[in-house]
Amino acid sequence: MPERGVRGNTVFSSDIPKIQIQVDESFRYVGNLKFTLMDVAWVDIYYFVDADGADLKRTFHVQFEGYLPDNTHSYHYPSKERVKLGGHDYIFDAIFWSPGAAVQERPNSDTAHGHRFLQEKGYNVGGMRDVMRERYVRLLDEARRNEILLIYAENLAQYGLTAADLAVGGKSAQEWPRLREEMHQRSRASFKVVDQEFPRHEAAGGWLIYVW
């Protein structure tokens, strides 16, 4: 099975895929969460936060995911946008939304699992009810049954905005194109993808190793 973990602010995986994600030092690594999603997929997530005390300003997480062998599901994404990270193209989308409301509607979703995890770590997830976020997705096999997701999010409250403000007809709807581009610049400065693993022979020198 793949070896995965974190050293400093770098997430690494030995396979599926073989990769390093180097996260900017403005983020703090807060932990790893593994669970079975909706009884159909395994999930392995590494969470980073940029916070003012308990108040979240930004979050970033690396999510490894794959369907369990007892089903025939596959992943599909509508976005046609692509961004190259390392040597691979990633499906890309950017949205504003209300994860706080989504957690109440779908308490078993990966978003809900993440909110509970961060809350247990002492962060005020209720204060991050509305966000704008970018998602980068790479499908890892021809059957589209395994994926890695890199998800960057910013708390809209720090800009005095809500998701409703940016929606069509909202008081700040015209600001979304500018905010989206500015977020993209901050997101791309927050992490770097390297398509290789850490040397295995160094694993005994203080590496945090997790095996799914």
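The values are calculated or read from the model by the stated rules, or taken from the named source; none is laboratory data. Just so it is clear, the structure is predicted and the values come from calculations on it, not from any experiment. Note: ideal-geometry Cβ built from the backbone for every residue, glycine included; neighbour counts use all protein chains shown.
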Scan of segment 58-75 for residues that are within 17 Å of the chain's Cα centre (by Cα) and either more than 17 Å from V194 (Cα to Cα) or aromatic (F, W, Y) (or both), ordered by number: R58, T59, F60, F64, E65, G66, Y75
Sole exception among (1) more than 27 Å from Q20 (Cβ to Cβ); (2) in contact (Cβ under 8 Å) with a residue 12 or more places away in the chain for E105, by number: (2)
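Answer yes or no as to whether R138 is closer than 19 Å to D15 by Cβ, of a type in the set (D, E, K, R) and in a loop (DSSP other than H, G, I, E, B). Reasoning before the result, please.
Values: closer than 19 Å to D15 by Cβ: yes; of a type in the set (D, E, K, R): yes; in a loop (DSSP other than H, G, I, E, B): no.
Judged against the criteria, R138 is not a match.
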Positions within segment 153-174 being within 23 Å of F27 (Cα to Cα), in a helix (DSSP H, G or I), touching a residue at least 40 places away in the same chain (Cβ under 8 Å) and not polar (S, T, N, Q), in sequence order: L156
Residue within segment 176-192 that is out of contact with any His (no Cβ under 6 Å at 6 or more places or on another chain), within 24 Å of D24 (Cα to Cα), of a type in the set (A, V, I, L, M, F, W, C) and in a loop (DSSP other than H, G, I, E, B) present: yes
Search result, residues across segment 28-58 that are surrounded by fewer than 18 Cβ atoms within 10 Å (Cβ to Cβ), more than 14 Å from F117 (Cβ to Cβ) and of a type in the set (A, V, I, L, M, F, W, C): M38, V40, W42, A54
Where V23 falls short, out of the listed (1) over 30 Å from N71 (Cα atoms); (2) surrounded by fewer than 17 Cβ atoms within 10 Å (Cβ to Cβ): (2)
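Residues are listed down the side, and each one gets a yes or a no for (1) modelled with pLDDT of 95 or more; (2) in contact with a strand residue (DSSP E or B) (Cβ under 9 Å, 6 or more places away or on another chain):
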{"residue": "A164", "(1), (2)": "yes, no"}
{"residue": "H184", "(1), (2)": "yes, yes"}
{"residue": "R200", "(1), (2)": "no, yes"}
{"residue": "W207", "(1), (2)": "no, yes"}
Residue pairs meeting the criteria (Cβ under 7 Å; at least 6 apart or on separate chains; first at pLDDT below 95, in segment 40-52; second assigned to a strand (DSSP E or B) and crowded, with 20+ Cβ neighbours inside 10 Å): none
Selection status of F96, touching a Phe, Trp or Tyr at 6+ places or on another chain (Cβ under 8 Å) and within 30 Å of V168 (Cα to Cα): yes
Any hit, segment 92-110, residues being in a helix (DSSP H, G or I), modelled with pLDDT of 95 or more and of a type outside the set (S, T, N, Q): yes
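Looking at segment 1-44 only, could you name the residues that are among the β-branched types (V, I, T) and in a strand (DSSP E or B)?
As a first pass, look at segment 1-44 and keep what is among the β-branched types (V, I, T): 6, 10-11, 16, 19, 21, 23, 30, 36, 40, 43.
Once the filter is applied, which keeps residues that are among the β-branched types (V, I, T) and in a strand (DSSP E or B), segment 1-44 yields V6, T10, V11, I19, I21, V23, V30, T36, V43.
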